[in-house]
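Asker: Here it is, the structure in full.
Where a number appears in this text, it was derived from the coordinates with a stated rule and is not lab data. Since the structure is predicted, the reported quantities are computational estimates derived from the model, not experimental observations. Note that each Cβ is placed from the backbone with ideal geometry, even for glycine, and that neighbours are counted across all protein chains shown.
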Amino acid sequence: MDWIALDERQQTGYTPIDEDHEQVVELINELARAITQHQSKAVCTELLERIIQNTKAHFARENRLMAEVHYPRAEGHMAQHARLLDEALALKRWFETASVESVMSVSLLHFLENWWTEHIPTSDQALSDFIASAKSR
């Protein structure tokens with residue numbers, strides 16, 4: 001079973017963003033499986049690094065898109081991206097040094113779940129709606 005199931009709340013309607021989300025969510029689900037199957041810390045750390053790298057690329061793509069369409073809420077959205085990446089990197093450092101992996105792993109999974117299930121339907125949906133209205137003008 002997947003840790004995060006993408007449903008209509010996470011579909012923005014803008015294909016490039018939605019495809020990025022699907023890739024990152026699949027990695028999060030892969031990490032959840034690795035943790036629940038008690039795979040090595042090295043395997044989990046590598047998956048977390050892939051999540052972070054894919055997310056960085058996704059955020060960079062969104063940031064460029066916001067600049068291209070002159071998105072009025074770009075500054076706040078970009079600040080959210082920076083904060084989320086800072087939190088993810090701090091959590092990764094914690095994961096790499098934690099001695100109690102099980103407690104920490106659940107915290108990690110909940111952070112990733114909240115990140116994607118809250119950021120997409122709010123901030124990313126607003127951006128996608130703006131893009132759609134800009135294209136229809």
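Asker: Within 10 Å, count the other beta carbons around each residue, average over each peptide in 9-17, 119-127, 32-40, and list them highest first.
Answerer: Per-residue mean Cβ counts within 10 Å order the peptides as 119-127, 9-17, 32-40.
Asker: Let me ask something else. Give the distance, in whole Å, between the Cα centre of segment 20-86 and the Cα centre of segment 1-19.
Answerer: Answer, in whole Å: 13.
Asker: Let me ask you something else. Hey, what's the Kirkwood Rh for segment 1-134 if you take every pair of different alpha carbons, in angstrom?
Answerer: That comes to 15.4 Å for segment 1-134.
Asker: Still on this structure, I have one more. Counting Lys and Arg as +1 and Asp and Glu as -1, each charge on the Cβ, what is the dipole of segment 23-136 about the Cα centre in debye, to the nearest 20?
Answerer: It comes to approximately 160 debye.
Asker: Excluding residues fewer than 8 places away in the same chain, name every one of the lysines whose C-alpha is closer than 20 Å to that of K41.
Answerer: K92
Asker: If each of E87 and S133 carries a label point 7 Å out from its Cα toward its Cβ, how far apart are those two points in nm?
Answerer: Placing both labels 7 Å along Cα→Cβ, they lie 2.7 nm apart.
Asker: Something else about it: May I ask you to derive the relative contact order of segment 23-136, considering only C-alpha pairs under 8 Å and at least 6 residues apart, and to give it as an integer percent? Present the calculation step by step, with values, prior to reporting the outcome.
Answerer: Working: 51 pairs, mean separation 32.9, N = 114.
Contact order relative to length: 29 percent.
Asker: Also, quick follow-up: Compare the Cα positions of P16, I52, V69 along the charge dipole of the chain (+1 at Cβ of Lys, Arg; -1 at Cβ of Asp, Glu; about the Cα centre) and return the one farthest towards the positive end.
Answerer: V69
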